[in-house]
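Here's the structure, in structure tokens; my notes come after.
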Amino acid sequence: MRSDGVRWFAMSSQSYSVRRAIVDDTEIVAALVSKLLIELYDELAVTHSAAKLLPVARRLLGEDDRVAGFLAFDVAGKPIGVLMLNECAAIYAFGAFGEISELYIAPEHRSSGVGARLIGEAVVFGRARGWQVIEVSAPDVPRWQRSVEFCKRYGFKEIGPRLELEIAES
């Protein structure tokens, strides 16, 4: 790792760098998370545009020590992946644990090792915080079976689906 926190790695004929996201990366993080959400749920294109995600990304990257982001860049410095990681707590996890809330790799860079490197950085971060577990929500199968298989290859185990209840007042 370089002194600026950037780790370089080579997969096949490509080189990539991975580093922790900082507040100055807000636009990059918001754009990549927006692409993820639009790919998963077309109907979110309007409500979850990068512009609308900017204030939240800025707040989480800058003020919340329970949230960490990691970015991957190609050799030209173009952002190609993001992983957002949150600290949660549960008795079954023996206290604090990590949850990957967003993981996106640009389609042309999938199956190149970038996702594994981002997860590797999340593991290093989690171990430093004393976590015993990192969880990730699995997308709908069979449409996203490839994503589920990727996580399983990395060592994740299926523990059941996750549901959501919106509690914000209108």
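The values are calculated or read from the model by the stated rules, or taken from the named source; none is laboratory data. All of these numbers come straight from a predicted model, not from anything done at the bench. Here the Cβ is made from the backbone with ideal geometry for all residues, glycine too, and neighbour counts use every protein chain on show. These area figures cover heavy atoms from the full protein model, side chains too; ligands, DNA and RNA do not enter into them. Shrake-Rupley method; radii C 1.70, N 1.55, O 1.52, S 1.80 Å.
Among the residues of region 3-53, just one is surrounded by fewer than 19 Cβ atoms within 10 Å (Cβ to Cβ), part of a loop (DSSP other than H, G, I, E, B) and modelled with pLDDT of 90 or more, namely Ile22. Tell me whether region 106-114 contains one or more residues that are without any contact (Cβ under 8 Å) to a residue 60 or more places away in the chain, farther than 20 Å from Val67 by Cβ, open to solvent by 50 Å² or more (accessible area, probe 1.4 Å) and not in a loop (DSSP other than H, G, I, E, B). Looking through region 106-114, at least one residue is without any contact (Cβ under 8 Å) to a residue 60 or more places away in the chain, farther than 20 Å from Val67 by Cβ, open to solvent by 50 Å² or more (accessible area, probe 1.4 Å) and not in a loop (DSSP other than H, G, I, E, B).
On inspection, Phe73 fails the criterion of being of a type in the set (Phe, Trp, Tyr) and closer than 19 Å to Leu40 by Cβ.
Tell me whether region 54-65 contains one or more residues that are out of contact with any Cys (no Cβ under 8 Å at 6 or more places or on another chain), among the acidic types (Asp, Glu) and outside any loop (DSSP other than H, G, I, E, B). Within region 54-65 (the criterion being out of contact with any Cys (no Cβ under 8 Å at 6 or more places or on another chain), among the acidic types (Asp, Glu) and outside any loop (DSSP other than H, G, I, E, B)), the answer is yes, since at least one residue qualifies.
In region 66-95, the qualifying residues are those that are part of a loop (DSSP other than H, G, I, E, B), among the aliphatic types (A, V, I, L, M) and over 23 Å from Arg110 (Cα atoms), and the one that is least open to solvent (accessible area, probe 1.4 Å) is Ala93. Within the set Glu121, Glu102, the sole residue that is part of a helix (DSSP H, G or I) and either in contact (Cβ under 8 Å) with a residue 40 or more places away in the chain or buried (at least 18 other Cβ atoms within 10 Å of the Cβ) (or both) turns out to be Glu121. Within region 133-147, the set of residues being at pLDDT below 75 and either assigned to a loop (DSSP other than H, G, I, E, B) or of a type in the set (A, V, I, L, M) (or both) comprises Ala138, Pro139, Asp140, Val141, Pro142, Arg143, Trp144.
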